[in-house]
Amino acid sequence: MADDKKFGGYICTGCGIGERLDTDQLEQIALREGKMNLCRQHPMLCSAEGVQMIQDDIDNEGVNHVMIAACSRRAKVEAFNFPRVALSRANLREGVIWSRPDTEENRETTQEKADDYVRMGCAEVRFMEIPEPSGEQELNKHILVVGGGVTGMQAALEVAEAGYNATIVEKAAQLGGHMAQVYRRVPTRSPYVDPQDTQVADLVSRVMSNERITVYTNARVAQSSGAPGRFSVEIARESGETLNGSFGAIIQASGFKPYDANNLPEFAYGKTPDVVTNLELERLAREADGGPIKRPSDGKEVQAVAFVQCAGQRSDKEGHLPYCSGFCCTTSIKQAMYFKQQNPGCDTTVLFTDLRTPGAPGEDFYRAAQRKEVTFSKGEVSEVVSADGELRVKFKDLILNEDTEMTCDLVVLATGQVPNTGPDPYAAPLEAEDEEEEGGETAGEEATPQVSVSVESILNLDYRQGTDLPHLRHGFVDSHFICFPYETRRTGIYAAGPCRRPMDSAQARDDAAGAAMKAIQATVHAAWGQAVHPRAGDLSFPRFRKEGCTQCKRCTVECPFGAINEDEERYPQFNEARCRRCGTCMGACPVRVISFANYSIDTVGQQIKAVDVPDEYSEKPRILVLACENDAYPALDMAAMAGEEISPWSRVVPVRCLGSVSLSWITDSLNSGYDGVVLMGCRKDDDYQCHFVRGSAMAHERLSKVGDTLQQLNLETERVAVYEVAITDTKRAPQLINDMAKTVDEIGMSPFKF
Amino acid sequence: MTEVIATNETILVVGGGISGMTAALEAAETGKQVVLLEKRPYLGGRVSQLYKYFPKLCFPTCGLEINQRRAKMNPALRILTLAEVTSVEGEPGNYRVGVHISPRYVKENCTACGDCERAVSSEFDDEFNYGLSKRKGAYLPHRMAHPLRYVLDPRIIGSEDAEKAKAACKYDAIDLDDSGEDLTLNVGAVIWATGWQPYDANRIQPYGYDRIANVITSVEFERMADPSGPTGGRLIRPSDGKEARNVAFIQCAGSRDHNHLLHCSRICCMATLKQTTYVADAWGDDADISVYYIDIRAIDRFEDFYAKVRETTRARFIKSKVAKIEENKANGNPVLHGVDTEGYHRYANEHDLVVLAIGMQPSVPSDQFPVKLALNEEGFIEPAPENGAIFAAGVASDALDVNRAVQHATGAALKAVQVVNRVAGQEA
Amino acid sequence: MSELNQQMIEQYRTRFLQEVEANVEEGEWVKMCMQCGVCSGSCPLGKHWAHPPQEIFMMIRAGKREEVLTSDSMWMCTSCYNCIVRCPRGLPITHIMHGLATYAKRLGLAPKNQPTAKFAQLFWDNLVKKGRVNELKLGLSLYFMNGFGEGIKVAMKQQAIGLGMLRTKRMNPMEVVGGHAVKDLDGFHKMIRKAQELEDARIKQNAG
């Protein structure tokens, strides 16, 4: 392979690079030290002519490895887009001239920095391979939908509408889920005034008559394995029959379980049948079917009804839900309308603390209810008492500031949604061989003891890291990302509907479309052999040298996406379509056998090696900066754009994720005379900002032990610093590097210089 | 002439904010040809002007970076900035869309070196900072701008400054004769993601936004909190630069109000909760925060954030729509008059700074759509079959927070993909 | 307590909101209030209100019939319209306040000796007599509203203004005897009587 490589170096002299730097010298370095086969300068490399110059070399000279020394790798990406070519970028503009003062006394160190960046760019590209798709897969246009409620049915229909096939697995005997029990739904089209038909029957008939959709009721997922594009799923039916299917992606639409109102004895639930939950009221409304709604105890027509909002919700009391279920305000409004429609004189009072009816539909619906004379009282209900055939609702009227009560025939508790999800893989310590603090940390991060969560698995994945989607909070399998709400930690498996986040049926149907989009996309990417978000389009995937592997399993444990299983011989099995290409496995591997074609121990290690480390007496320290390419590296770029100075001694190497950082890079750099190492990753705690979820956390944990290594080397522990850096840290990020320069100045140069 | 290849299998996305970018990228990453139009000279829309997101308090710049990287790397996505739709004709699978592109006066070979900016002297209100600062007549809208290309303000064209900018450019990237252009695109489906604009605070007369210096809007406060914003992240009040420690937030400023916007803008409660953390972070125990509200709509799992804010910022929550604001002429403090409705307490509270949690209204007024779409009373696009293959994404459909807008836009992308898949006959 | 009041209590029982809706001018708006309190805060006389409008609306919904109707709060309204202009739900609050006051008076529940109520009565009596307001008579009856002694005092205080008005012919002293009327005074009286009949009939019907 190496023989086929032909290297071209290209140096841009535009944007002031030519004025500030000796580019002839850079060219010589690229050729002699960087071992480029050819090297050219251009006054504006990103121009059409500049790009054409490179393209000509690719076409005519057989150049397939290109080193561009110009602006940051984040700039002019579209211009320097050469398919099937390995490309490295030496950042001379933001990385050197824009972050160094243009003065005579700095000229030498600025040039030295540029020299090193060219050396590093050459070293990187020399060790890069051109990633090839493995070509093992074809497009599997079949999506598995787990759950046949409104979300699942809508997801299946969306999938079918896009020309894909869908299979629904529903554990109940019928499709429809909870919404099938609902009498009318909140309107989804203007005017948002009256409850509407739920459309569940229509959904069911559309699903049943769609030739692209297969439905299994009384069925569950007994086992699932594989990866996007080739999920192999065993579907067990109640009859004992087992079916096997192959799917491109999975949508989990397992919905919610109604909150158990038996936890609310203070509201007389269970003491009288006239206190019902919102879901139970739907049954009464269905039975009445437009006629008078009767109370369960004695069949009396309800003349006065009270709705207790947030029943068992928004509360830190034991057995209550700490969150708001989101759907209950509009649901109570809708249900109050049931009574008003049939009997406008019926007293309907909604007792709430914050009425949550957002958006245009929400607020319109609220006003519509008021127009129908539904009464809204800001009040905290303390107790419901059943006596003498009446219910007395005791509450504090927060507006009139008094403890008061009202009597009614029926009380409806606006109870919430409890997610119906499988066990959280990270809720308990992973496995015996895992280190204690790791299990402890995850448990602390994810545990929500108040909420009772189903322990029955939904997906029965045969993954090394557990059977189901990881939870976010309160048992919901939501994404942690604001910008990327469907990114779960199991590639190709997308959650939709109330198992993801509390929601009403309209939102759930929208949500189903979004999850269907991601599922289809995942199958397409799997077929292309490309990574999905956030490295969409990346063809590289982890490979390992089997003979070097010690089967330590660090990679299988640390992978934030549970992508890596173990094969029968206990070697890692990477499942490339499950992999997000963050490189955390590479960073985890103590024997350095894991690599990607274009990102490896060598592509970084050789850059570190390529830097010219002056001797101890030069007073020119070298500081290695390993910066996450997602946040820290852009922060440094923007700092440069803003004219922030960055220490002349620093040499910055972008990494895919701090999780991909191999300890060997650090020890090697210290051994070869670097004076300090600064590592910059993303925020790692509960509100983590790591694009790969746990990459930064894993790195921090590994690096917590780097002090021992330093001590063994007889080096000061201050020489290595690990930071959480955000993309907005345009002042702080340079400062952290400059601080290290100061530290080196104080403690002195490394004794390991040659 | 801008070359745009667009066919019946192309998806057109109108609006390059977070929703439009999401819809465009999701479709493009599924292998569809996508043309993305953005009215501004750069992508990112309103979220590019936010400092932090609720509830994680993370930085929108982070998501913008990754989305822009996705955009840069995807050859199936074509982005046209300064572009607006002028007409839409046709039917699902076959629309002809008229597009007007306003002149940028800066060509693609701009390297963003900044020489033109240094050469010109004219200054204008910086719209990125909602006019809280000035920018030059040749400018980069912000450091993260994509495309990373300068823009000449049309107001300098024909002036000496324009010539200076042109002369300063070493790369001949400035084209003063740029007159924009009009294109017609043939596309199969359209995603309408035109987003929102802040409601005009001047119209809420009793709050004196137009006459009291220390009454500002939430979008302005957001810029102020941003370390790269007009005050360098210092929370100071406009009248005298005094530190704003005692800050009041007024909810439903324009929202839930038949005099202004009928709808609840959904984001304002959460945005205020987020902004209380800015004040608490800046001043610690010296922070004094009041939130005047009707209902705190920290819906579903945002409740956690509400609880956290109550605990950490010690903000006072007063159930009251503030009746009017007067200025204490002696010290410039806004004085809020109203009634705390929980138990009827009349107040006249003085604060250093007042932030109006301003409502969101659709960017495109109901009567200015270039195509007839089913809209609700509030001007949002309805999920209506009669809209054909024109699908709303994000805030064009309702007042949504970023997370919900992105969810919605992802679903909208699928709707468009379904149409072009049908056109391509991929059903078989 | 009037008989009508008793009838209304029987008729509506706990449903004071419905009673207000049916019998109070613009009463059907009360249910639309969302308790934001902007009306209460906007009232220039606010601090004189025992129960500001938004609270009255809540009291109506809470069925506090007697407390509301005997309250002097709604008599405080000076029709400045600040509340109407600002109310986010478009409630005609000024009108509702006057409506409540009128209704309370009709039921005999209005507070005795409430100055605004007294003035309103004087104004009305003055107005219906000739179909137009006799300013001189209204002014005088206003001065003497609280007794003869105070009337003299007030009259003395206002002397300069009165003389000024006489000088500029803004006030005709002859109006004190009879005063001129609208054209077709008879017709006017018929109209008022008819309106009264209609109103009475409606209320009577509501009273069951």
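Hydrodynamic analysis of segment B:115-168 uses the Kirkwood radius over alpha carbon pairs. Inserted into Stokes-Einstein at 10 °C and 1.306 mPa s, it gives a translational diffusion coefficient of 142 µm²/s. Which pairs break 28 Å Cα to Cα here: A:Lys76/B:Lys166; A:Lys76/B:Lys164; A:Lys257/B:Lys308; B:Lys107/B:Lys136; A:Lys35/B:Lys107? From A:Lys76/B:Lys166; A:Lys76/B:Lys164; A:Lys257/B:Lys308; B:Lys107/B:Lys136; A:Lys35/B:Lys107, over 28 Å: A:Lys35/B:Lys107.
Estimated from the Cβ-Cβ distance and a Förster radius of 22 angstrom, the FRET efficiency linking C:Val133 and C:Lys183 is about 0.90. Size descriptors for segment A:1-130, from the alpha-carbon set: Rg then Dmax equal 13.8, 45 Å.
Remark: chain A carries 34 Å² of accessible area per residue (probe radius 1.4 Å; ligands, DNA and RNA excluded). For the peptide A:731-738, the mean number of other protein chain Cβ atoms found within 10 angstrom of a residue's Cβ is 1. Say a paramagnetic label sat at a point 7 Å from the Cα of B:Asp286, along Cα to Cβ; which residues of segment B:233-256 have their backbone N under 17 Å from it? Residues B:233-238, B:240-248 fall inside that zone.
The helix-only estimate of mean residue ellipticity at 222 nm for chain A, built from DSSP H runs of length n ≥ 4 each weighted as -39500 (n - 2.57), is -8500 deg cm²/dmol after division by the residue total.
Counting every C-alpha pair in segment C:115-196, the share spaced more than 20 angstrom apart comes to 42%. The heavy atoms of A:Tyr571 offer some 50 square angstrom of accessible surface to a 1.4 angstrom probe.
Computed over segment C:3-111, the quotient of the alpha carbon radius of gyration and 2.2 N^0.38 Å is 0.98. Projected label points at A:Lys35 and B:Asp304, each 7 Å from Cα along the beta carbon direction, are separated by 5.1 nanometres.
Once the C-beta distance of A:Asn401 and C:Leu45 is scaled by a Förster radius of 30 Å, the resulting FRET efficiency is 0.85 to the nearest 0.05. Let a ≥ b ≥ c be the square roots of the eigenvalues of the Cα gyration tensor of segment B:199-360; is it rounded (a/c under 1.5), or, if not, prolate (a/b larger than b/c) or oblate? The shape class here is rounded. Working from Cα pairs under 8 Å separated by at least six residues, relative contact order for segment A:443-594 is 19 percent. Measuring nothing but how far apart in sequence close Cα pairs (under 8 Å, 6+ apart) lie, relative to its length, chain A scores a relative contact order of 12 percent.
In a Debye calculation with equal point scatterers on the alpha-carbon sites of segment A:62-161 and no solvent, what is log10 I(q)/I(0) at q = 0.14, 0.19, 0.25 Å⁻¹? Those come out to -0.69, -0.94, -1.24, one per q. For the pair C and B, the buried accessible area comes to roughly 1400 Å² in total, with a 1.4 Å probe and the value rounded to the nearest 100. Residues in segment B:32-106 average 30 Å² of solvent-accessible surface per residue, probe 1.4 Å, ligands and nucleic acids excluded.
The Rg/Rh ratio of chain A, with both radii computed over alpha carbons and Rh defined as the Kirkwood radius, is 1.07.
Rg/Rh for segment B:140-194 (Cα atoms only, Rh after Kirkwood) is 1.10. Accessible surface of segment C:115-196, 1.4 Å probe: 65 percent of it comes from carbon and sulfur atoms.
Stokes-Einstein at 37 °C, 0.692 mPa s, Kirkwood radius from Cα pairs: D for segment B:176-261 in µm² s⁻¹? The Stokes-Einstein estimate is 198 µm²/s. Residues whose amide H comes within less than 5 Å of that of C:Ala110, counting only those at least five positions distant or on another chain, are C:Lys105 (H built at 1.01 Å from N in the peptide plane).
Across all C-alpha atoms in segment A:509-667, the radius of gyration and Dmax reach 18.9, 69 Å.
Counting only DSSP H runs of at least 4 residues, each contributing -39500 (n - 2.57), and dividing by the residue count of chain B, the helix-based mean residue ellipticity at 222 nm comes to -7000 deg cm²/dmol. For chain B, the longest principal axis of the C-alpha atoms and the axis of helix B:18-28 are separated by about 30°. Kindly provide log₁₀ I(q)/I(0) values, in the same order as q = 0.16, 0.20 Å⁻¹, from the Debye equation applied to equal alpha-carbon scatterers of segment B:35-184. For the requested q values the scattering log ratios are -0.97, -1.30.
Taking the Cα centre of segment C:16-88 as reference, the dipole from Cβ charges on Lys and Arg (+1) and Asp and Glu (-1) amounts to some 300 debye. For segment C:69-131, the Kirkwood estimate of the hydrodynamic radius, built from every pair of different alpha carbons, is 12.6 Å. Peptide B:66-72 shows a mean partner chain C-beta count of 6 within 10 Å per residue C-beta. Max-minus-min Cα coordinates of segment A:613-754 on each principal axis give 43, 35, 20 Å, with the largest extent listed first. Taking a temperature of 4 °C and a viscosity of 1.567 mPa s, what whole-number D in µm²/s does Stokes-Einstein yield for segment B:332-424 with Rh from Kirkwood over alpha carbon pairs? Roughly 77 µm²/s, to the nearest whole number.
Using 0.36 nm times the number of residues separating A:Asp102 and A:Glu566, minus their current alpha carbon distance, what extension gain do you get? Gain on stretching A:Asp102 to A:Glu566: 161.5 nm. Straightening the chain between B:Glu181 and B:His100 buys 28.6 nm, computed as 0.36 nm per residue apart minus the Cα-Cα spacing.
With the biggest extent put first, the Cα atoms of the protein assembly as shown measure 120, 86, 65 Å across the principal axes. Which of rounded, prolate or oblate describes segment A:647-693 when judged by the alpha-carbon gyration tensor and an a/c cut-off of 1.5? Taking the square roots of the gyration eigenvalues as a ≥ b ≥ c, segment A:647-693 is prolate. Extent along the principal axes, Cα only, for segment A:266-413: 36, 35, 29 Å, with the longest axis given first. Calculated accessible area for segment C:115-196 comes out at 72 Å² per residue, all protein chains present (probe 1.4 Å; ligands, DNA, RNA ignored). Scaled against the 2.2 N^0.38 Å expected of a compact globular protein of N residues, the Cα radius of gyration of chain B reads 1.03. Compute the long axis of helix B:267-283 from its Cα atoms, compare it with the longest principal axis of the Cα atoms of chain B, and write down the angle in degrees, 0 to 90, nearest 10. With rounding to tens, the tilt is 60 degrees. Of the solvent-accessible surface of segment A:611-754, computed with a 1.4 Å probe and all protein chains present, 46% belongs to carbon and sulfur.
Buried accessible surface for the A/B chain pair comes to about 7400 Å², total over both chains, computed with a 1.4 Å probe.
Surface composition of segment A:1-134: carbon and sulfur make up 45 percent of the accessible area, probe 1.4 Å. Judged by the mean number of other Cβ atoms found within 10 Å, the most tightly packed of the peptides A:415-425, A:578-588 leads the ranking A:578-588, A:415-425. So what is the relative contact order for segment C:15-148, in percent, with contacts set as C-alpha pairs under 8 Å and at least six apart? Relative contact order comes out at 25 percent.
Legend: residues in segment B:338-384 shielded by at least 50 square angstrom of accessible surface upon adding the remaining protein chains to the isolated chain (1.4 Å probe, heavy atoms) are B:Thr341, B:Glu342, B:Tyr344, B:Arg346, B:Glu382. Legend: residues in segment B:404-418 shielded by at least 10 square angstrom of accessible surface upon adding the remaining protein chains to the isolated chain (1.4 Å probe, heavy atoms) are B:Arg404, B:Val406, B:Gln407, B:His408, B:Thr410, B:Gly411, B:Leu414, B:Lys415, B:Val417, B:Gln418. Axis of helix A:23-32 versus longest Cα principal axis of chain A: the two differ by about 90°, to the nearest ten degrees.
The values are calculated or read from the model by the stated rules, or taken from the named source; none is laboratory data. Because the structure is predicted, anything quoted here is derived from the model rather than measured. Cβ coordinates were reconstructed from backbone atoms using ideal geometry, including for glycine residues, and neighbour counts include every protein chain displayed. Note: areas computed on protein heavy atoms with side chains; ligands, DNA, RNA excluded. Shrake-Rupley method; radii C 1.70, N 1.55, O 1.52, S 1.80 Å.
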